[in-house]
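To keep things clear, I will list the structure first and then write my remarks on it.
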Amino acid sequence: MQYWHQMHLLELYQVAMVEKGRAFREITRRDGHRTVTITVNVQPAKDANLVLDKQKNDVLPALLHDYPGLSYTFEGRQADMRDALQSFLYSSTLALILISVLLAVPFRSYLQPAIVMPAIPFAVVGAVIGHMIMGYSISIISMMGIIALGGVVVNDSLIMIDYANTKRQEGHNAVEAICQAGIRRSRPIL
């Protein structure tokens, strides 16, 4: 108790240099490292990729150079898009294999599904070009539409090749059978 009586009260300015400034309200940590969250709302939203490219190519490399040990990640919509794209690639690969196997059953051949499958990338290219022409960016909803379009393309190819196979069984040669399939099945496909 005697110790407390001997203490003198000092003002903070007598023992420290004080500078006024802004401070964080809280310090958040992830995996033991301090984190800072920066949120940006880009207007118009379709230019978000341009802003991200500028940050990735110009701003962030300079910060990494000036502050060794600094790291960054893109979260929020960017993380959602990254996760959706990884899931899309995995799911679409699995779907393509499954489609090939399922097409082999009605065709009774492994070669004919290999003829149908290249039609799917044409559908994807057409969808991407359509987005570019209309000025839309590809979103998660767009990817779902592209998957549905792939199903339509496979179905239409199945209709055409099935008709050509029927003509081949009737005795027509391959070129004549596929030409007749193109003529007779164009309207149902469209």
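Every number here is computed from the coordinates shown, using simple stated rules; none is lab data. These figures come from a predicted structure and were not determined experimentally. Backbone-built Cβ (ideal geometry, glycine too); neighbour counts: all protein chains shown.
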task = Could you list the residues of the range 102-131 with an amide nitrogen less than 14 Å from a label point located 7 Å from the Cα of residue 174 in the Cα-to-C-beta direction?
result = 110-116
message = Could you work out how much longer the chain between residue 20 and residue 122 gets when fully extended? Use 0.36 nm per residue separation minus the Cα distance between them, nm to one decimal.
response = 30.5 nm
query = Can you give the Kirkwood hydrodynamic radius of the chain from its Cα pairs, in Å with one decimal?
reply = 23.1
task = Starting from the Cα-Cα distance between residue 65 and residue 37, subtract it from 0.36 nm times their residue separation and give me the gain in nm to one decimal.
result = 8.1 nm
task = Sum -39500 (n - 2.57) across every DSSP H segment of at least 4 residues in the chain, then divide by the residue count to get the 222 nm mean residue ellipticity, nearest 500.
result = -20500 deg cm²/dmol
query = So between residue 141 and residue 82, what do we pick up on full extension, going 0.36 nm a residue minus the alpha carbon distance?
reply = 19.8 nm
task = Name all residues of the range 17-49 having a backbone nitrogen under 20 Å from the label point set 7 Å from the Cα of residue 89 along its Cα→Cβ direction, giving them as ranges.
result = 49
inquiry  = I'd like the FRET efficiency for residue 186 and residue 46, computed as 1/(1 + (r/R0)^6) with the beta carbon distance as r and R0 of 22 Å, rounded to 0.05.
reply    = 0.05
